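The values are calculated or read from the model by the stated rules, or taken from the named source; none is laboratory data. None of these values were measured; they are calculated from a predicted model. Because the Cβ atoms are built from the backbone with ideal geometry, glycine has one as well, and the counts that use them run over all protein chains shown. Accessible surface areas use protein heavy atoms only, side chains included; no ligands, DNA or RNA. Shrake-Rupley method; radii C 1.70, N 1.55, O 1.52, S 1.80 Å.
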Amino acid sequence: MKTKKSVILSVFYIVMSAFVITLFLPREGKFRYQFNEGKPWRYGLLTAPNDFPVYKETSEIEAAKDSIRKKFEPYFRLNTDEEKKKLEAWHDRMSILQHAGVPYSTLVYIDKSLRQIYSKGIIPSSELELMNDENRTRITVLINSVADTRPLTDFYSVKSAYEEIINNAPEYIDKDFLKECNINEYLTENVFYDPETSNKILENLLRNVPLSSGMVQAGERIVDRGEVIDSQTYSVLRSLKIVHETKSGGAQRHNVIFIGQIVLIFGIMACFGLYIATFNSRLFLKRKDLTFILLCILATCILSEICVKYSFMNIYIIPFAIIPIVIRTFFDSHTALFTHLITVVICSLTALFPYEFLLLQILACIVVIFNLKDLSQRSQLIKCAFFVFLSYAVFYLSLVICQEGDFNKINWMMMLYFSINFILLSSFSYMLIYVLEKLFGYLSPITLIELSNLNNPLLKKLSETAPGTFQHTLQVSILASKAGEKVGADTQLIRTGTLYHDIGKINNPAFFTENQNQKGFNPHEKLSFEQSAQIIIAHVTDGVKMAEKAGIPKKIIDFISTHHGKGIAKFFYNSFRNEFPDKPVDEAIFTYPGPNPFTKETAILMMADSVEAASRSLKDYTDESIKNLINKIIDDKIADGLLKNAPLTFDNIDVIKSVFLERLKTMYHTRISYPELNEQKTPVTGDQHHSSGQ
């Protein structure tokens, strides 16, 4: 049931990854060429596939529109309603003023001036100031749907109209009488800005600005390989790109493209899922590992799709080789190669030259896999990045020469892209590996080697505080790593985990036989069997606490917690049973906290640890005695169920037993004594000789 659920979740993750990748894929038709003004054309002869206009630059179009806006004559509308009311009020006032003694000639002058001013037009002062601020010299007035364009200086404000009447009065008219007539009461605006009409006409003018400066006929030659792209050719190429992308647009076409992309991406990701499920089922079922690999694919694909879609940067700047570097660091070469292959196949769908892109990326991946066959030093990552750069450069140059047969056709900008790729790869690969280790709880070979450095504070303290335990640890490391090598386990992980498995003995080194002087005092003599057992068992929990405090990775801590599993401290347990046969025994007091080993590596350590410790008690180191000891200890572990969770077969167990036997025979083999040379009573002549002993 659990396996079925894991399979469903794994399939769901792969399907969702495929869907997300598809969402980011560009759906407009892709223009096949990249070009820059002032740079050589790197492709073959290009002719116009059909008639198309040569579009102006956006800046050129905007300049033309700005010119139209500056020269535009805003529209105003004449409204005579208020004007008529004011003139009627003036006529009613004229008779009153005449009876009041105002000369008739003055009244006639005012009446004539009012009519002349209204005929020219009075504009609100705020709108008049706005026109002046915008440097408008002419406006268009709509009079009964007839447009009349006149200089702005022909129009008045209420204030300037009043001043016009007062200042231009003839000499025979007394200005005091003019002022007493309150002329400004009969002046009002009759010309008003019409924003609706103005905006409509302006938009129509802007819409009619020509977007093109000519036409290119179908079949017309545009550019040939090696020619430098001048401004005119650049405009033609840019126009061709616009036409191509416009034709490939449209909602219906996008939907059709999207369906095709879904089928294609889902098919590619299904191949990835089938490969992982078939050849690495443990990875397929392990949610964390599958998520990690899918995130590697997702991040790279989305980044490349965004770069191509928005022209963010050249696709060759993206360090695709970091995928096999990272995956090879934490997994195997086959998974790294196939994951990279799937990733670059998807990314090639967005690349301008998919064949060239695929060839370079696959060859670079092979270089990575070869260089990181055994990752043990940080410098290997820098070395690997350099070889990736070298492979990009050599393979690209070879490809261009192979296809074109001309060194002049090489695009040297590619070398710059490859150099940036190298810088990114060498700068971020180690940092990324470190971050991923922390996020996902992985262990890289580099970290394992750093942890196995005997100058590490914990190991150094172990060697100084418990030298016997330290020597035991080194012997167990030799046994376990050699056995792990034979059964396909991670030998570096075993070697590092073994070095830390007994660090808990630092707290009470004297309670462990390997640290006791054979003629010295044994502290267990004054303790009960239960107390002694608890002290011995405590080295597991103490070791876990010490490792956690020191920031040791969990995979190494697993070696500490599982190297005795849930086994019993048999020496004290059996001693208790022998001394108190009728007394009930609490097995929990004598039982290690566990858990039992659940990986090949931790199971091998458990067996190696017990075998090496027990081998020290043998009286005679013969082949038969060593073999019997190994068989008894390992068979007891199996019988007690301590190895039931470990992924080891009986064939693996037999191989491990044989390795232990050979290594212990080598360790305890007594050297042959060399005989002393007998003294010669007679001198040795030239033809006499002797042979040395063996």
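Which of the following residues is under 16 Å from L294 (Cα atoms), open to solvent by 50 Å² or more (accessible area, probe 1.4 Å), without any contact (Cβ under 8 Å) to a residue 60 or more places away in the chain and not acidic (D, E): L341, L359? Talk me through it step by step, then tell me what you get.
Working: L359 fails: under 16 Å from L294 (Cα atoms).
Result of the check over L341, L359: L341.
Got at least one residue in region 574-591 being in a helix (DSSP H, G or I) and within 38 Å of the chain's Cα centre (by Cα)? No, the conditions are met nowhere in region 574-591. Of all residues in region 1-21, none that is within 17 Å of L274 (Cβ to Cβ) and assigned to a helix (DSSP H, G or I) has its Cβ atom under 7 Å from the Cβ atom of a residue that is acidic (D, E) and open to solvent by 80 Å² or more (accessible area, probe 1.4 Å), 6 or more apart or on another chain. Checking the stated criteria, I183 turns out not to satisfy the condition of being of a type in the set (V, I, T), open to solvent by 50 Å² or more (accessible area, probe 1.4 Å), more than 22 Å from R69 (Cβ to Cβ) and modelled with pLDDT of 85 or more. When region 144-173 is filtered for residues that are open to solvent by less than 70 Å² (accessible area, probe 1.4 Å) and in a loop (DSSP other than H, G, I, E, B), the ones remaining, listed by number, are F155, S157, A169, P170, I173.
Within region 592-617, can you find the residues that are part of a loop (DSSP other than H, G, I, E, B) and either farther than 20 Å from T469 by Cα or open to solvent by 60 Å² or more (accessible area, probe 1.4 Å) (or both)?
Step one: of region 592-617, the residues part of a loop (DSSP other than H, G, I, E, B) are 592-599, 616-617.
Selection gives P593, G594, P595, N596, P597, F598, T599, R616, S617.
Of all the criteria given as (1) open to solvent by less than 80 Å² (accessible area, probe 1.4 Å); (2) under 20 Å from F470 (Cβ atoms); (3) without any contact (Cβ under 8 Å) to a residue 40 or more places away in the chain; (4) not in a helix (DSSP H, G or I), the one not satisfied by H564 is (3). One residue stands out among those in region 527-546 that are polar (S, T, N, Q) and open to solvent by 30 Å² or more (accessible area, probe 1.4 Å): the one that is farthest from the chain's Cα centre (by Cα), which is S528.
Report the residue count in region 412-467 for those that are of a type in the set (F, W, Y), open to solvent by 30 Å² or more (accessible area, probe 1.4 Å) and part of a helix (DSSP H, G or I).
Narrowing region 412-467 to residues of a type in the set (F, W, Y): 412, 417-418, 422, 428, 430, 434, 440, 442.
Checking the rest, the ones that are also open to solvent by 30 Å² or more (accessible area, probe 1.4 Å) come to 412, 417, 422, 428, 430, 434, 440.
Going one step further and asking which of them are part of a helix (DSSP H, G or I), we end up with 417, 422, 428, 430, 434, 440.
Counting residues in region 412-467 that are of a type in the set (F, W, Y), open to solvent by 30 Å² or more (accessible area, probe 1.4 Å) and part of a helix (DSSP H, G or I) gives 6.
Residues of region 278-305 that are more than 12 Å from the chain's Cα centre (by Cα), surrounded by fewer than 18 Cβ atoms within 10 Å (Cβ to Cβ) and either at pLDDT 90 or above or not small (G, A, S) (or both): T278, F279, R282, K286, R287, K288, T291. Regarding D635, is this residue at pLDDT 90 or above, open to solvent by 30 Å² or more (accessible area, probe 1.4 Å), over 27 Å from R663 (Cβ atoms) and not basic (K, R)? No; evaluated as a whole, the condition is false for this residue.
Could you tell me how many of the residues in region 184-216 are among the aromatic types (F, W, Y) and either in a helix (DSSP H, G or I) or without any contact (Cβ under 8 Å) to a residue 40 or more places away in the chain (or both)?
First, the residues of region 184-216 that are among the aromatic types (F, W, Y): 186, 192-193.
With either in a helix (DSSP H, G or I) or without any contact (Cβ under 8 Å) to a residue 40 or more places away in the chain (or both) added as a condition, the list becomes 186.
Summing the residues that are among the aromatic types (F, W, Y) and either in a helix (DSSP H, G or I) or without any contact (Cβ under 8 Å) to a residue 40 or more places away in the chain (or both) in region 184-216 gives 1.
In the set F650, F660, only one residue is open to solvent by 60 Å² or more (accessible area, probe 1.4 Å) and at pLDDT 90 or above; that residue is F650. Residues that are in contact (Cβ under 8 Å) with a residue 40 or more places away in the chain, touching a Pro at 6+ places or on another chain (Cβ under 7 Å) and open to solvent by 60 Å² or more (accessible area, probe 1.4 Å) do not occur anywhere in region 314-337. Among residues of region 97-109 that are aliphatic (A, V, I, L, M) and assigned to a helix (DSSP H, G or I), those with a beta-carbon under 7 Å from a residue that is open to solvent by 50 Å² or more (accessible area, probe 1.4 Å) and at pLDDT below 85 at least six positions away or on a different chain give the pairs L107/Q98.
Just one of the numbered conditions (1) part of a helix (DSSP H, G or I); (2) open to solvent by 30 Å² or more (accessible area, probe 1.4 Å); (3) farther than 19 Å from I302 by Cα is not true of Q377: (1).
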